[in-house]
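Please read the structure below before turning to the comments.
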Amino acid sequence: MRPRKILASFLAAAALMVVAAFGQTLNSDATVLKVAGDATVTVGGATSPLKVGAKLSPGATITTGADSEVYLQAHTGTIATVKANSVVSIDELSVTREGGKVTKEKTAINLKSGNLVSALDPAKRAVNDYQVKTPKGVAAARGTTFTVSYNGVNYTIVATSGSVQITAGDTVVNIAGGQASVSNVNGGAATAVASLPAEQKAEAIQAMAVAVATIAVALENNMLGASGAAELQDAVRTVITAAPEAARDVAALVAASAPSQTDVVVDTVRDVAPQQSGAVQQAIRDVDPPSRAPDSTPSQTPRNDATTPQPIEPGVISRSQ
């Protein structure tokens, strides 16, 4: 082998060793798992209907219409659900590997208006770096389920399980499951859902019920890994403990979108808030999935664009990075 070729081979090998030692960060794509109703994606100024299976890169903007929602898999075990009448853009998606091992999965989503439900596999806390941005602040989490709503003036962030850190200017607020941060209530301080003013409390209960149903759909489609069942149980228990009156809405939404998971709701309500058991059983009886149209919602579905999470077609789920 000639000296130049030997030197080139040596330098190439050295470069590979440097990458392995210090890590390499590469951009990745998100996968559209489910589209219910009307939704579009805008890339480079061009807008087109959003389709199941589409791969979206940073810079893409999703817009949903009334009674619509989009399930987006940012990384395996990281699900963002864009609710009705919402606009979100993907700011960053990347994977960092060191020595062939994934050490970080970064997701940054910009919620420009509307509602977003995020479900993160708790088993991946060590590598998750997940943020939802609004013009008023940033919500960051690693292994939890939470909702962020932004109406152009104020935000509402509700943790269904785990914890969320909100940064608004120089202020940092940490909320745990069953708590909320509302930008125009108590200065955005962590507040128990039960202690919120009536209007904000109703919105927070609605947000938690939809978040539980989103976890149930993800679990039914095997997207949250081995810890998914425990995550659902923890979320249901947290919500019912924080607001027992949410039990009926939770049951109706889960029965409509992930019927195989209704037993979790029934058992948890019986344990935590037995006085709500009758209402829960009735809510489940009111939902008859085989006879319902694909996009219909139960009679007790909460208002304010809380569309029922829709079942996901397993064939579109991506399990690679």
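The table for this structure:
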{"read-out": "Any hit, the range 54-61, residues being touching a residue at least 24 places away in the same chain (Cβ under 8 Å) and either touching a Cys at 6+ places or on another chain (Cβ under 8 Å) or over 20 Å from GLY114 (Cα atoms) (or both)", "value": "yes"}
{"read-out": "Close pairs from the range 203-215: first closer than 10 Å to SER257 by Cα, partner of a type outside the set (Val, Ile, Thr), Cβ under 6 Å, at least 6 apart", "value": "ALA213/LEU253; ALA213/SER257; ALA213/PRO309; THR214/ALA119; THR214/PRO309"}
{"read-out": "Residue list for the range 87-119, restricted to those being touching a residue at least 60 places away in the same chain (Cβ under 8 Å) and either within 21 Å of VAL212 (Cβ to Cβ) or small (Gly, Ala, Ser) (or both)", "value": "SER94, GLY99, GLY100, GLY114, ASN115, VAL117, ALA119"}
{"read-out": "Of the criteria (1) among the charged types (D, E, K, R); (2) at pLDDT below 90; (3) buried (at least 17 other Cβ atoms within 10 Å of the Cβ), which one ARG292 fails", "value": "(3)"}
{"read-out": "Selection count, the range 121-139, where residues are within 23 Å of VAL212 (Cβ to Cβ), aliphatic (A, V, I, L, M) and surrounded by fewer than 18 Cβ atoms within 10 Å (Cβ to Cβ)", "value": "1"}
{"read-out": "Some residue of the range 239-255 being under 25 Å from ASN128 (Cα atoms) and in a helix (DSSP H, G or I)", "value": "yes"}
{"read-out": "Boolean, ALA252 is modelled with pLDDT of 90 or more and surrounded by fewer than 22 Cβ atoms within 10 Å (Cβ to Cβ)", "value": "no"}
{"read-out": "Count of residues meeting criterion [touching a residue at least 24 places away in the same chain (Cβ under 8 Å) and closer than 23 Å to VAL88 by Cα] in the range 162-174", "value": "6"}
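The values are calculated or read from the model by the stated rules, or taken from the named source; none is laboratory data. Quick caveat: nothing in here was measured; it's all calculated off a predicted structure. Glycine also receives a Cβ, built like all others from the backbone with ideal geometry; neighbour counts cover every protein chain displayed.
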